[in-house]
1. What are the pairs with Cβ atoms under 9 angstrom where one residue, in segment 187-215, is at negative phi and part of a helix (DSSP H, G or I) and the other, located anywhere, is modelled with pLDDT under 90 and among the aromatic types (F, W, Y)? Sequence gap at least six, or different chains.
2. So which residues in segment 128-148 are within 21 Å of I86 (Cα to Cα) and either more than 16 Å from the chain's Cα centre (by Cα) or polar (S, T, N, Q) (or both)?
3. Please specify each residue of segment 172-186 satisfying the condition of being touching a residue at least 24 places away in the same chain (Cβ under 8 Å) and over 17 Å from I68 (Cβ atoms).
4. For the subset of segment 73-129 comprising residues that are of a type in the set (S, T, N, Q) and in contact with a Pro (Cβ under 8 Å, 6 or more places away or on another chain), which member is least open to solvent (accessible area, probe 1.4 Å)?
5. Taking segment 68-87 on its own, how many of its residues are farther than 17 Å from Y49 by Cβ and either among the aromatic types (F, W, Y) or touching a residue at least 24 places away in the same chain (Cβ under 8 Å) (or both)?
6. Please go through (1) free of Cβ contacts under 8 Å to residues at least 24 places away in the same chain; (2) of a type in the set (D, E, K, R); (3) within 12 Å of F59 (Cα to Cα) for D158 and return the number of the only condition it doesn't satisfy.
7. Among the residues in segment 201-214, are any over 30 Å from G109 (Cα atoms) and in contact with a Gly (Cβ under 7 Å, 6 or more places away or on another chain)?
8. Among the listed residues D145, D234, D226, D167, identify the single one that is part of a loop (DSSP other than H, G, I, E, B), open to solvent by 30 Å² or more (accessible area, probe 1.4 Å), among the charged types (D, E, K, R) and touching a residue at least 24 places away in the same chain (Cβ under 8 Å).
Amino acid sequence: MAHYSRRDFLKTVGTVGATGIAAAVGGDAAEAQSRPAAVPAPQPVSHAYTFLTAPEAAFIEAAVDRFIPADELTPGGTDCGVATFIDRQLAGAWGSGDRMYMQGPWQKGAPTQGYQSPMTPAEFFRAGIAATNAYCRKTLQKEFDRLTADQQVKVLQDMEQGRAALDGVPAQEFFNLLLATTMQGFFADPVYGGNRDKVAWKMIGFPGVIAIYSEHIKTYRNKKYDVEPKSILDLS
């Protein structure tokens, strides 16, 4: 892939399937907001983030902005709330591996087997961010968030293709989990922190959570069903 763009990101939707991420529109995500992670965390960067420290937040914000660059369709990933979504997931039930079998034996699994690691997702993210920043300092003398956009894209490409060797963390696995979580944050119901102002739903014409469209099937059979998307927040 020559360069990351919104088209690249959207083409990936639906193809990064079984990664073990909690369904963003299901009960696990709701639990994720109320249940603390088991992983000891340093002081978060600010009141805006529950789990991420300042260096981690800078990395995540830079990464999601490369995956979802601002353009005429939507703002960048950070402004769409994707970093907030990831932070909440890491701080909650999914981040602590609440519904995962974490007893081993730890053998390398096939991609179709989903998340396979002795680390919880929160631990895996924390280790992956640190390892990627260490790789960037070693090869480019700066942390990931301080690189140019083109340099950041190149690092992500090298991780995706397995050309970047990260200490203690498989680069491709971390890349795939980071990308998949970014996608979930972009398209999830805004109640979970991402898809701010329903920008992703508006972009693709998704009407949201309302399940009463059957009465409009005949009326809109051959024309666009153009309505304002509805979030779970709109139903309360």
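The values are calculated or read from the model by the stated rules, or taken from the named source; none is laboratory data. All values reported here derive from a predicted model rather than from experimental measurement. Here the Cβ is made from the backbone with ideal geometry for all residues, glycine too, and neighbour counts use every protein chain on show. SASA here: full protein model, heavy atoms, side chains in, ligands and nucleic acids out. Shrake-Rupley method; radii C 1.70, N 1.55, O 1.52, S 1.80 Å.
1. F187/F206; A200/F206; Y213/Y220; Y213/Y225
2. Across segment 128-148, the qualifying residues are A130, A131, T132, N133, E143, F144, D145, R146.
3. Residues satisfying the conditions are E173, F174.
4. Looking only at segment 73-129, we keep the residues that are of a type in the set (S, T, N, Q), and these are 74, 78, 84, 89, 96, 103, 107, 112-113, 116-117, 120.
Going one step further and asking which of them are in contact with a Pro (Cβ under 8 Å, 6 or more places away or on another chain), we end up with 89, 96.
Values: Q89: 4, S96: 24 Å².
Filtering segment 73-129 for residues that are of a type in the set (S, T, N, Q) and in contact with a Pro (Cβ under 8 Å, 6 or more places away or on another chain), the one least open to solvent (accessible area, probe 1.4 Å) comes out as Q89.
5. Selection size over segment 68-87: 6.
6. Every listed condition holds for D158 apart from (3).
7. Narrowing segment 201-214 to residues over 30 Å from G109 (Cα atoms): 201-214.
In the following step, the residues that additionally are in contact with a Gly (Cβ under 7 Å, 6 or more places away or on another chain) were identified as 201.
Scanning segment 201-214 turns up at least one residue that is over 30 Å from G109 (Cα atoms) and in contact with a Gly (Cβ under 7 Å, 6 or more places away or on another chain).
8. Details: D145 fails: part of a loop (DSSP other than H, G, I, E, B); D234 fails: part of a loop (DSSP other than H, G, I, E, B); D226 fails: touching a residue at least 24 places away in the same chain (Cβ under 8 Å).
Being part of a loop (DSSP other than H, G, I, E, B), open to solvent by 30 Å² or more (accessible area, probe 1.4 Å), among the charged types (D, E, K, R) and touching a residue at least 24 places away in the same chain (Cβ under 8 Å) holds for just one of D145, D234, D226, D167, which is D167.
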